[in-house]
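Structure record follows, encoded as structure tokens.
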Amino acid sequence: PVGVLAVVGRPNVGKSTLVNRILGRRVAVVEDTPGVTRDRVSYDAEWAGTDFKIVDTGGWETGVEGIDSAIASQAQVAVSLADAVLFVVDGQVGVTATDERMVKMLRKAGKPVILAVNKIDGSNSEYLTADFWKLGMGEPYAISAMHGRGVGDLLDVAIDQL
Ligand code: GDP
Ligand code: MG
């Protein structure tokens, strides 16, 4: 069986954009409106000769209601079924309370987590990435899902965890 990589994070951080970038085609739905991906959707992917499944999610947008709603979410299910988790945060927004709640749930899940700081579109915004060390999820990888920057390096790390 191939490894499963779940992509989770707050609404609008660029999860679906990243999934499309990884797939090399536009399949996952990208919207300026938060909360478009309501379910979890699995796609067949390949990187550096390794086949894997990538699961796009959106369920955690209800996280404002607290941990109970989040536990019931599809994102939580996706994490429980995954071999590793790509945790996407927004480098232009910084660390939020919802990010911190997600960290707690990810710790409980006990799966390997790779932290992707998205929307780092220009080299002058590199410093924004360092702030995410405080989440305690290891090295924050700066990426731009929109432009493709850093995505290859991120996948190299993620594939190693599958
Ligand atoms: P999701 O809700 O996490 O799946 O986020 P989406 O993939 O739907 O993207 C939400 C918004 O962020 C869209 O307007 C995207 O175009 C934008 N976005 C995604 N990735 C990037 C990026 O790397 N840089 C910038 N500037 N915007 C991005
Ligand atoms: Mg989405």
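Rule-based calculations on the coordinates, nothing more; no lab input. Since we're looking at a predicted model, the values are computed, not measured. Here Cβ is always computed from backbone atoms with ideal geometry, including for glycine, and neighbour counts include all displayed protein chains.
Numbers at a glance
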quantity: Backbone N within the range 118-162 under 20 Å of label point (7 Å from R26 Cα along the Cβ vector); calculated: 119, 144-149
quantity: Virtual spin-label span in nm between K108 and D160, 7 Å along Cα→Cβ; calculated: 3.0
quantity: Residue exposure sequence - I54, I114 - by fewest surrounding Cβ within 10 Å; calculated: I114, I54
quantity: Relative exposure of S144, S123, S16, judged by other C-beta atoms within 10 Å (fewest first); calculated: S123, S144, S16
quantity: Label-to-label distance, nm, for residues given as S125 and M146 (7 Å Cα→Cβ offset); calculated: 0.6
quantity: Cross-link reach list, lysines versus K111, counting only Cα pairs under 20 Å and skipping chain neighbours closer than eight places; calculated: K15, K53, K134
